[in-house]
1. Need one number: % antiparallel among DSSP beta bridges in the chain, to the nearest 5.
2. Sort Trp77, Trp177 so the one with the fewest other Cβ atoms within 10 Å of its own Cβ comes first.
3. From the phi angles alone, apply the Karplus equation (6.51, -1.76, 1.60; θ = phi - 60°) to region 86-98 and give each ³J(HN,Hα) in whole Hz, x where the residue is Gly or Pro.
4. Collect residues whose amide H, placed 1.01 Å from N in the peptide plane, falls under 5 Å from the amide H of Glu83; neighbours closer than 5 in sequence don't count.
5. Treating the beta-carbon of each Lys and Arg as +1 and of each Asp and Glu as -1, no other charges, what is the dipole magnitude of region 63-193 about its Cα centre, to the nearest 20 debye?
6. Among DSSP beta bridges lying fully in region 63-193, give the percent that are antiparallel, nearest 5.
7. Longest exposed-loop-site-free stretch of the chain, with GluC sites (Glu not before Pro), DSSP loop and at most 15 other Cβ within 10 Å?
8. Trypsin sites (Lys or Arg not before Pro), restricted to region 25-116: which are DSSP loop and have at most 16 other Cβ atoms within 10 Å?
Amino acid sequence: MRKAAQPRGGMPSIIETEGAELLAKRLEGKRVAITGPRKAEELGTIVEKMGGKALVRPAQGTIFLDEPELGGGISEWIRLKPEWSVLTTGMGLEALINTAQEMGLGDAFMEAVRQSKIAARGYKTANALKKRGMAPLVRDDDGSTEGLLRQMEEYDFAGTNVMVQLHGDHAPRLVAWLESRGANVRTVLPYRHIAPPEEQLEQLLDDILERRVDAVTFTSAPQVRFLIGHAAKRGFEPSLRSAFEHEVVAVAVGKVTAQSIREEGIGRVVAPQEERMGSMMVELAKYYAEAETQPEETI
């Protein structure tokens, strides 16, 4: 996260003195583009409660795979009875459970997961497990794959069978890490991230380049990738990066998405410490609050 400038002369920051009540309206007059299609309405409500105007501009689509495509992976999970189940998203776990139920294998699949050691990435995955009376043996320490790997370091994977639920894309680093420790790894991809219709990306790109938005929220790495890719195809990639470095604020839901934005060459990123949509908007409000008090400095 890009740190806000520190207050001068030991004076308390505006955040400390104004409190949450005034922060709640710090997005007043700000136009915030929402690129995540899931829970766009929920995030839009948060923006408007904080005084801003929400503009839904999808930069990602999601395709859930159906029974013929997922069935083999679910059947393998049941047959293998793996020592480890690595679950990376709550949405992916729900998709697996729903498809297993449609196949008449819901109980068998849940038992295969329940009897294994479970490693979970992200609070939504942990919540999906909790809803079904399960708890992970291993959880990430920061909502990222890197955080999950850190927590798995102390365990021996040599000769174990590991099933990995992927999250919209392949996870070569996670799979390579497990294989380097002697695990036999199989992966299941419940859904894929795809680019939205080109006209939606075009509208978002134009809004940014024409400064019709003040901030753009990103809730996953593919959203950033699809937007940058579209800008590059149009020849506007340098202009897009310039907009983000100056007038338009890139906002990430958490550390993983923030890192993806930086890897695309955008240095100014606002992100919360914990991955929550509400926290993301509070962090943006803090950013604007500090900017108002120190206009002569680069925040």
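Read the figures in this text as sums done on the coordinates, not as results from a lab. Being a predicted model, the structure only gives us computed values, none of them experimental. Every residue, glycine among them, receives a Cβ derived from its backbone with ideal geometry; neighbour counts consider all protein chains shown.
1. Values: 4 of 33 bridges.
If we restrict to bridges inside the chain, about 10 percent are antiparallel.
2. Details: Trp77 24, Trp177 19.
Least crowded to most crowded, the residues run Trp177, Trp77.
3. 9, 10, 10, 8, x, 4, x, 4, 4, 5, 5, 4, 4
4. Hits under the 5 Å cutoff: Asn161.
5. Working: 15 positive and 18 negative charges, 49 e Å.
I would put it at about 240 debye.
6. Values: 2 of 18 bridges.
Antiparallel bridges: around 10 percent, rounded to the nearest 5.
7. Excluding the exposed sites themselves, the longest stretch runs over 29-152.
8. Within region 25-116, the qualifying trypsin sites (Lys or Arg not before Pro) (loop, at most 16 other Cβ atoms within 10 Å) are Lys25, Arg38, Lys39.
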